């Protein structure tokens with residue numbers, strides 16, 4: 001699994017364009033991408049974008065996506081590409097400036113983005129932060145983050161396969177056997193990538 005800056009840019013653009021204003025709050029965007037990756041990973045054994053996730057005080061953050069929307073830390077080719085599709089409207093808002101290039105996505109990538117938008121797109125950023133704090137991949141770092149011992153912790157995709165303990169109607173719930181099979185596919189693919 002490698003980070004794909006074109007997919008990342010187009011995911012940001014896709015989510016922004018789906019809004020009637022063609023803009024999206026940055027915090028909300030981070031959570032919607034995490035939710036799409038969580039869905040896709042659990043159903044198909046790989047994330048959509050392949051980003052590195054950080055557990056931060058306000059929930060999971062895809063690190064390279066954050067760099068793209070903040071226009072920081074990226075080589076010129078990635079920056080030039082993203083500037084064709086998205087722009088920073090202000091410190092907290094990202095806007096779309098061109099149609100999304102859907103060719104970078106598989107059908108299941110689109111399915112995951114649509115799942116995220118359909119089920120979570122109408123929620124406010126604060127509500128998405130609260131929701132993200134219920135999931136095990138973030139919750140395992142809750143004490144160290146809330147105490148201020150650390151500002152961020154590296155998340156493990158393997159934890160995305162865990163179910164939350166205190167969420168009665170989890171939209172990610174699926175058959176345990178299928179989930180184990182998908183996790184095994186993910187782990188085998190990860191191991192194969194590490195040997196390349």
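Contact map, the stretch 150-168: residues that are farther than 16 Å from residue 63 by Cα paired with residues that are at pLDDT 95 or above and in a loop (DSSP other than H, G, I, E, B), Cβ distance under 7 Å, separation 6+ or inter-chain. Pairs shown: 159/140; 164/134; 164/135; 166/134; 167/134. Scanning the stretch 93-127 for residues being touching a strand residue (DSSP E or B) at 6+ places or on another chain (Cβ under 6 Å) and either over 17 Å from residue 33 (Cβ atoms) or exposed (fewer than 13 other Cβ atoms within 10 Å of the Cβ) (or both) gives a total of 1. From the list 37, 67, 25, the lone residue that is out of contact with any helix residue (DSSP H, G or I) (no Cβ under 6 Å at 6 or more places or on another chain) and surrounded by fewer than 20 Cβ atoms within 10 Å (Cβ to Cβ) is 67. Restricting attention to the stretch 15-39, the residues being within 18 Å of residue 63 (Cα to Cα) and in contact (Cβ under 8 Å) with a residue 40 or more places away in the chain number 15.
For the stretch 137-145, the count of residues that are in a strand (DSSP E or B), within 29 Å of residue 57 (Cα to Cα), within 19 Å of the chain's Cα centre (by Cα) and without any contact (Cβ under 8 Å) to a residue 60 or more places away in the chain is zero. What number of residues within the stretch 134-155 satisfy the criterion of being more than 18 Å from residue 66 (Cα to Cα) and out of contact with any strand residue (DSSP E or B) (no Cβ under 6 Å at 6 or more places or on another chain)? The qualifying residues number 15.
The values are calculated or read from the model by the stated rules, or taken from the named source; none is laboratory data. Remember, predicted model here, so these are calculated numbers, not experimental data. Note that each Cβ is placed from the backbone with ideal geometry, even for glycine, and that neighbours are counted across all protein chains shown.
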